[in-house]
1. Suppose the filter is in a helix (DSSP H, G or I), buried (at least 21 other Cβ atoms within 10 Å of the Cβ) and not hydroxyl-bearing (S, T, Y); does A196 pass it?
2. So, of the residues in the range 5-41 that are closer than 18 Å to L185 by Cβ and at pLDDT below 95, which turns out to be surrounded by the most Cβ atoms within 10 Å (Cβ to Cβ)?
3. On the given criteria, is Y89 over 13 Å from L5 (Cβ atoms), without any contact (Cβ under 8 Å) to a residue 12 or more places away in the chain and either surrounded by fewer than 19 Cβ atoms within 10 Å (Cβ to Cβ) or in contact with a helix residue (DSSP H, G or I) (Cβ under 9 Å, 6 or more places away or on another chain) (or both)?
4. Taking the range 244-257 only, how many residues are more than 22 Å from I18 (Cα to Cα) and either of a type in the set (G, A, S) or not in a helix (DSSP H, G or I) (or both)?
5. From the list A139, A148, A183, A132, pick out the single residue that is modelled with pLDDT of 85 or more, surrounded by 12 or more Cβ atoms within 10 Å (Cβ to Cβ) and not assigned by TED's automatic domain parsing to the domain that holds S203.
6. One residue is enough: does the range 151-171 have a residue meeting the conditions under 16 Å from the mean Cα position of the chain (by Cα) and among the hydrophobic types (A, V, I, L, M, F, W, C)?
7. Go through the range 182-213 and report how many residues are in contact with a helix residue (DSSP H, G or I) (Cβ under 6 Å, 6 or more places away or on another chain) and of a type in the set (S, T, Y).
Amino acid sequence: MKKLLDIKKMRVSIEGKIIVRDLTLAIKPGELHVLMGPNGSGKSTIAHALLGHPRYRTAATRLRFNSKDIRKLKTDARARLGLFLGFQYPLTVSGVTLANLFSELTKKNRPRNKKLLHLTLASRMATEQREAQDLLRAAVTGHMRELALPEDMLYRGLNDGFSGGEKKKAEMLQMLALKPKLAILDEPDSGVDIDALKAIAKSIAAARKVGTAILLITHYQRILKYLKPDAVHIMVKGKLVRSGTAILAREIEKKGYAFLQKK
């Protein structure tokens, strides 16, 4: 199977300070890779650099996504290729609802109806709005039930008044609706209770079933009780120092990162 994400010797810096050094990593379609490491090791920096955040300066011998060189692409272009980022700290965006976001998505994918050409502009817009809402409900309502999210959340400001767990589950909802080729999830398990954790793990498993690859950034191995990763990678001081199976995550849980830093 071909590589979906193919990184060779990537270096990331902020304001002249090198944060990530010589990162080499490959992820295939549908795979789950877990990235762990102590605070300040560069995990979130990798996530933002892969989406092309302008604050981060990135250099790499190779940085390809779905066989396309993305080194010079801006964030929106990378997203259109199928890259998705679930934020560690989802921002509140008052006035923009999840319904707004999903309606824009349905507009892009909605088949054109030739009969609409004979309608007035106002009627056409109203018809399209109804179609968008129908598609929205069909695509999203089931996922919301699985995540135990109330339907009225669709019509509230994005993350406005959401609890910590609701914010993380709203990120999962967006991932499931968008069906990206690769979802980079930055600590979706932080600050959530056990019920939310199980729902988030279930969403990750569901995304994999439809072919989405996952790069899961986490501090803890507790979410791995509900998931089976293809690989676990450990970052220390900006370098990838060890890769292995879920057994490696359990070893970190027992010993901490200190034993790796001594080597």
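1. Spelling it out, A196 is indeed in a helix (DSSP H, G or I), buried (at least 21 other Cβ atoms within 10 Å of the Cβ) and not hydroxyl-bearing (S, T, Y).
2. Among those that are closer than 18 Å to L185 by Cβ and at pLDDT below 95, it is G37.
3. yes
4. 5
5. Unique residue meeting the criteria: A148.
6. Scanning the range 151-171 turns up at least one residue that is under 16 Å from the mean Cα position of the chain (by Cα) and among the hydrophobic types (A, V, I, L, M, F, W, C).
7. Residues in the range 182-213 being in contact with a helix residue (DSSP H, G or I) (Cβ under 6 Å, 6 or more places away or on another chain) and of a type in the set (S, T, Y): 1 in total.
Yes or no, residue by residue, for (1) assigned by TED's automatic domain parsing to the domain that holds S41; (2) within 27 Å of T24 (Cα to Cα); (3) buried (at least 17 other Cβ atoms within 10 Å of the Cβ):
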site: L173; (1), (2), (3): yes, no, yes
site: K179; (1), (2), (3): yes, yes, no
site: P188; (1), (2), (3): yes, yes, yes
site: S203; (1), (2), (3): yes, no, yes
site: A206; (1), (2), (3): yes, no, no
site: A213; (1), (2), (3): yes, yes, yes
site: I217; (1), (2), (3): yes, yes, yes
site: V232; (1), (2), (3): yes, yes, yes
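The values are calculated or read from the model by the stated rules, or taken from the named source; none is laboratory data. A quick note: this is a predicted structure, and the numbers were derived from the prediction, not measured. Glycine gets a Cβ as well: all are built from the backbone with ideal geometry, and neighbour counts include every protein chain shown.
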